[in-house]
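Here is the structure we will look at, set down as structure tokens.
The values are calculated or read from the model by the stated rules, or taken from the named source; none is laboratory data. Just so it is clear, the model here is predicted, and its values are computed rather than measured. For neighbour counting, all protein chains shown are included, and Cβ atoms are generated from backbone atoms with ideal geometry for every residue, glycine included. Calculation scope for accessible area: heavy atoms of the full protein, side chains included, ligands and nucleic acids excluded. Shrake-Rupley method; radii C 1.70, N 1.55, O 1.52, S 1.80 Å.
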Amino acid sequence: MIEQNLSLLLVVVPLLAAPIAAMLPNGRLPWLLALAVSWLCFILAAWQLMVVIDGDVIQYSLGGWAPPWGIEYRIDALNAIVALLVAAIAAVTLPYALLSIEQEINKEQLSLFYSVFLLCFVGLLGITQTGDIFNLFVFLEISSLSAYALIAMGRDRRALTAAFQYMIMGTIGATFFLIGVGLTYVETGTLNMLDLNQRLQPILEHRTVHTGFAFMVVGIALKLALFPLHLWLPNVYTYAPTAISVFLAATATKVAVYVMLRVVFGVFSNDFVSITPADDLFLLLGVIGVILASAAAISQHDVKRMLAYSSVAQISYMVLGMGFASVYGLTASIVHIFNHALMKGALFMAVGIIVYRIGSSRFKDMAGLGRQMPWTFAAIFIAGLSLIGVPGTAGFISKWYLMLAAIEQQAWPVALAILIGSLLAVIYMWKLIETLFFEKAEQHEIGQGVQQRSEAPLSLLLPLWLLVLANIYFGIETQVLLKATATAVDLLGVADYHE
Amino acid sequence: MSDTALLLTALCLPLFAVLGITLTSRWPNLREAVTLMSSALLSIAVFTIYMRFSGGAVFAIDIAEPLPGLMLRFEIEPLGMLLALVTSTLWFVTAIYAIGYMRKHNEENQTRFYALFAIAIGSALGAAFSGNLLTLFLWYEVLTVSTYPLVAHAGTKKARDGARTYIGILLTTSILFQLFAILITYSVAGTLDFSDGGILAGKLDPAWAGLLYALFIFGIGKAAVMPFHRWLPAAMVAPTPVSALLHAVAVVKVGVFTVLKVTVYIFGTDFITSSGASDWLIWFAGATILLASLVAMTQDNLKLRLAYSTISQLSYIVLGALLATDMGLLGGTMHIAMHAFAKITLFFAAGAILVAAHKTEISQLDGLGRQMPLTFVFFTIGACSIIGLPPFGGMWSKWYLAMGTLEAGQWVMLAVLLMSSLLNIAYLLVIPARAFFSQAREKNAYSGGEAPVSCLIAMAISSMMCIYLFIYPEPFYTLASMLVKQAP
Amino acid sequence: MIDVIIGHYNYWIVIVLMMAGFYTVISRGNLIKKIVGLNIFQTSVFLLYISIGYVSDGTAPIIAEGFTRYSNPLPHVLILTAIVVGVATTALGLALVIRIKEAYGTIEEDDIHNQDESL
């Protein structure tokens, strides 16, 4: 009984906290409230995962109205993993945000900032909790709108244009999704995802269903920055406030990947996917995304921008897993949702620390900084290894499954593309590592007044190292994650690959 | 102490060393004592393990299960035992050497140096004791990344470029080829455990065995088979103790060790012979042996010449593996030990010359033997062992390798081995010859004394080992024979 | 054939509006015009939903004496929600435009781009 209320609490608590945060005086109180909420949600999400890890499902009917007429919250292993991820990232980012945000945002805006942050949090959690597809759209828009606002608070004025561009593209994407929902509603008369799945089975051949599917997939693809719909991402990650880059890089696109998984496999089912060109399209776009985005990352002058392109490449890996549509493939996608959040979160935090100290994230301004900031440098080194996929780190686990999925289906070009993606990652990560390690002949003076080439304060380092150590931990102890993933894949109805 | 506890202690000792070194960074003498003590303790621990192992004890530990069905596993077998013995004893010897070298050379960042050194040795040890291919690959990669800062230590542009080549080639080969090969092996065999007789026989179509084997051989970049050998000369920008222990011993030996492990325990020598997997790869090994020797002759920089010599010698071991015969394996395995002791002596000497006389090029060494007689005597001993002359240990491994080529009917390879020995004489012995018998050129005249004492002690130990191993090739011969006996 | 065009006139209107809105978003450089285009685009979707909810010979979905056929109320509800979302988006967009005007002095996309390029 109590588990059902848990799932509701995950959405209600931050929702209530958001307006309260707006009313608190500027200072540290709003931050404290957000911190407490995020930690509470983390505990709730962990509890939730433990309940559903073996295949149970939590169901909560909003307002007591039974599904499929009422809105239902339905938690199984798949959304529990993602919900835990979102809560965990928020719980780790907020301690980091204390100093980082204070430096980047006007004092008068602090309470509003944390209020909108909580709204974004609500939106993301809501996406993971709900079992109703229109409700999903609503939460998607909640999280997106608040994200646009958060991004626009960045120091650089280009944050404004980045937020505007994201808003335009994101709204188009969400509207496409809405069209897709409408078309499937026309065909089935229901909005409940489980019910949709059952009602779609006998009519999978209808053209309307195909059209609805196409609209939904394209809409979600815009949100998850699948090549070539990724154009908003580099600007957003580069110019948003640092803590927001950390948070969004680790959650927003991952939640979109979850939505794609849920819609493609949970609502439309694996059988449907094989009669559409969707899986081949995912494979093709995934491969192109991996290669082009990684190559683009290499030529960047700004570290944040480089990491943004790297994120596009990593998301392409997740899409590749979906394209294989096998147990190995989906396992790779889901595991990488988790692992990528860890590694990118750590990397953005580390870059944020550098920005906090020297006010810039350009390569040429941080030459030799590794010697004055050894802990940050070590963190970048280890997180970079995870990104490359060195064994002993979380990134290796995802790569392993992805490669096995490719080899199983004898998709040799794709396997090669995945390996080349790793090599390109070596190049751009090593560019960063080299820059930090080796001194340059002349030292640069940076325009901003703040410049202090020394190690970061503890409240910034601790969350960073927590994520870094998580990278190593989840590279070795994978029991819980793999169990949850196996349950999730099973529930999505995907079986082992057969010839 | 129980077997398991002993093994865990040995594996964790380098970790504690790192801790100790970072904590005592402000007191250099104390810090160096930590390194010395840790390496001494490790040598004792590994030797104790050897005593128990040769008495029949079985050491196996499962640490974790990162992937379903694939453990992080440590298990001792003869090859790994041999590598562990070589690495741990030579860490101790190098520690003695490094103290004199780093201080005389006024190196910066010495704490970072010693700490990373310990991590690298730990990884080599982890690789030696790995019980399956996944664990081995993990330590292989950790070794690569932990030695990067050591290669880049000097912080100069030259160091940066050298380190870039180093990590570039090693990571590219390991990700593009080796990881690919491991994944294919896992898909085909369903396991990655090391087993007598290999895990692929009967599961892999023999037609593909050659391709998979090639992916492994080229993927194990640390074995420096051409054309993926350039990282080794590039790594010579590192301080000499690094070049000595890591790039004459630990890193490269982990490379050929992996080749041998894959040959014996993944493929199985029978499967290799029956499928003809190594037929065309043997030419690459042979070519590397000869070409590297030829290039070595053209190098004036002492460390570079030694680097190319190492590339050539490594392919001796690779050849021994590829031949997949009893004698070949015996020779190749023993050469891991013989070459390690000999080459480290040569590198020690090179470093001593650098640090005492500030000379790096061979052409500058004329007549130096008169000022640094001991150094050059040790150099000669090491060189003779590499060439394979009695009464030095290298003779045994060369002998068995030659026998191996005969056993496999590879006459061309026999000729390659003989020719290579001649080339070795040409490019190695000429150095002490000129040092002792030529006149020093006026402008380069050096009138100082010998190398620092600790360097001399280290060189003495390693060169004496070369002679000792000729008379008593135990425990390396024992271990190599054990390997051959259990590999069907 | 005529039947297809006349019978499905709601879909045609939706398509025309959708494409008009989408085209405006893409082709116009003025930020306000983009927001306008976005609104038209979203409105077309609202019309889609509402029009498909209509049941032939049905009346407004409010229970009243003597009527047995009602149009489907669910799409109406969905659209109300979507309109709210649209309003919020427009409001946010306009707020951003004001801030952009303050920061750049212009709301033409090309000029903004030029200003950024010169950085």
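One Cα centroid belongs to region B:4-63, the other to region A:458-491; the line between them spans 30 Å.
Would you work out the relative contact order for chain A, in percent, from Cα pairs under 8 angstrom that are 6 or more residues apart?
16
Any idea what angle helix B:110-128 forms with the longest principal axis of chain B, computed on alpha-carbon atoms, 0 to 90 degrees, nearest 10? Result, in degrees: 30.
A straight Cα-to-Cα reach below 19 Å connects A:LYS483 with the aspartates and glutamates A:ASP54, A:ASP56, A:ASP76, A:ASP496, B:GLU65, residues fewer than 8 places away in its own chain not being considered. Using the Cβ-Cβ distance between B:ASP366 and B:LEU30 with R0 set to 30 Å, the FRET efficiency from 1/(1 + (r/R0)^6) comes to roughly 0.10.
Put simply, the amide H of A:ASP132, placed in the peptide plane, has neighbours under 5 Å in A:GLU72, A:MET193, leaving out anything fewer than 5 places away on its chain.
For region C:12-23, putting each phi into the Karplus relation 6.51 cos²θ - 1.76 cosθ + 1.60 with θ = phi - 60° gives couplings of 5, 4, 4, 5, 4, 4, 4, 5, 4, x, 4, 4 Hz, in residue order, rounded to whole numbers and with x for Gly and Pro.
Give a residue-ordered list of calculated ³J(HN,Hα) values for region B:61-72 (Karplus: 6.51 cos²θ - 1.76 cosθ + 1.60, θ = phi - 60°; whole Hz; x for Gly, Pro). Couplings: 9, 9, 8, 7, 10, x, 10, x, x, 10, 8, 8 Hz.
When only the Cβ of Lys, Arg, Asp and Glu is charged (+1, +1, -1, -1), the dipole of chain A relative to its Cα centre reaches about 1340 debye.
Using a simple spin-label model with pseudo-atoms 7 Å out from Cα toward Cβ, B:VAL453 and C:TRP12 lie 10.4 nm apart. Label positions at B:TRP280 and A:LEU462, each projected 7 Å from the Cα along the C-beta direction, are separated by 6.1 nm.
Applied to region C:64-75, the Karplus parametrisation 6.51 cos²θ - 1.76 cosθ + 1.60 on θ = phi - 60° returns per-residue 3J(HN,Hα) values of 9, 5, x, 10, 10, 10, 10, 6, 5, x, 4, x Hz, with x for Gly and Pro. For A:LYS223, give me every one of the aspartates and glutamates with a C-alpha distance below 13 angstrom, ignoring sequence neighbours fewer than eight places off in its own chain. Leaving aside aspartates and glutamates fewer than 8 places away in the same chain, those within reach of A:LYS223 are A:GLU141. For the peptide C:85-94, the mean number of other protein chain Cβ atoms found within 10 angstrom of a residue's Cβ is 5. Sparsely packed loop sites in region B:2-59 (the trypsin sites (Lys or Arg not before Pro) outside DSSP H, G, I, E and B with at most 16 other Cβ atoms within 10 Å) comprise B:ARG26.
Put C:HIS8, B:HIS358, A:HIS340 in order of accessible area, highest first, and with a 1.4 Å probe you get B:HIS358, C:HIS8, A:HIS340. Of the GluC sites (Glu not before Pro) found in region C:19-119, those that fall in a DSSP loop while having at most 12 other beta-carbon atoms within 10 Å are C:GLU65. Among C:ASP116, C:ASP3, the order of accessible area from largest down is C:ASP3, C:ASP116, computed with a 1.4 Å probe on protein heavy atoms.
Assuming R0 = 30 Å, what is the FRET efficiency of A:GLN109 and A:ALA378, from their Cβ-Cβ distance, to the nearest 0.05? The formula returns an efficiency of 0.30 here. Is there a pair in A:LYS254/A:LYS344; A:LYS364/A:LYS399; A:LYS254/A:LYS399 whose C-alpha atoms are over 20 Å apart, and which pairs would that be? Beyond 20 Å between Cα atoms: A:LYS364/A:LYS399. With contacts taken as Cα pairs under 8 Å and at least 6 residues apart, chain B reaches a relative contact order of 16 percent. With helices as the sole contributors, chain A gives -25500 deg cm²/dmol at 222 nm; each DSSP H run of n ≥ 4 counts as -39500 (n - 2.57), and the sum is divided by every residue.
Among the chymotrypsin sites (Phe, Trp or Tyr not before Pro) found in region A:49-91, those both in a DSSP coil and sparsely packed, with 16 or fewer other Cβ atoms within 10 Å of their Cβ, are A:TRP65, A:TRP69. Fully extending the segment from B:THR4 to B:GLU407, taken as 0.36 nm per residue of separation minus the present Cα-Cα distance, adds 141.1 nm. Annotation: amide H-H contacts under 5 Å for B:MET226 (H modelled 1.01 Å from N, sequence separation of 5 or more, or interchain): B:THR288.
In the protein assembly as shown, taking the dipole from charged Cβ atoms about the Cα centre, the farthest positive-side position among A:LEU432, A:GLY219, A:ALA162 is held by A:LEU432.
Taking the convex hull of the alpha carbon atoms in the protein assembly as shown, what volume per residue do you get, in Å³?
Here the figure is 183 Å³ per residue.
Treating each Cα of region B:392-480 as an identical point scatterer and summing with the Debye formula, the log10 of I(q)/I(0) at q = 0.20 Å⁻¹ comes to -1.11. Relative to the dominant Cα principal axis of chain B, helix B:326-357 is inclined by about 20°. Using Cβ point charges alone (K and R +1, D and E -1), the dipole size of the protein assembly as shown about the Cα centre works out to roughly 3120 debye.
Accessible surface for C:ASP57 stands near 130 Å², nearest 10, in the context of the full protein assembly shown (1.4 Å probe). Between A:ARG371 and A:ILE288, the modelled label-to-label distance comes to 4.6 nm, taking each label 7 Å out from Cα in the direction of the beta carbon. Per residue, region B:3-486 exposes 32 Å² of solvent-accessible protein surface, assessed with a 1.4 angstrom probe and all protein chains in place. Taking 23 Å as the straight-line reach from the Cα of B:LYS203, the lysines in range (excluding those fewer than 8 positions away in the same chain) are B:LYS261. Which angle between 0 and 90 degrees, to the nearest 10, do you get for helix B:453-471 versus the longest principal axis of chain B when only C-alpha atoms count? Between the helix axis and the principal axis of chain B, the angle is about 50 degrees.
Please identify the longest segment of chain A free of exposed trypsin sites (Lys or Arg not before Pro), where exposed means a DSSP state other than H, G, I, E or B and no more than 15 other Cβ atoms within 10 Å. Longest stretch, sites excluded: A:29-439.
Note on A:GLN198 and C:ARG69: with the Förster distance fixed at 30 Å, the Cβ-Cβ geometry gives a FRET efficiency of about 0.65.
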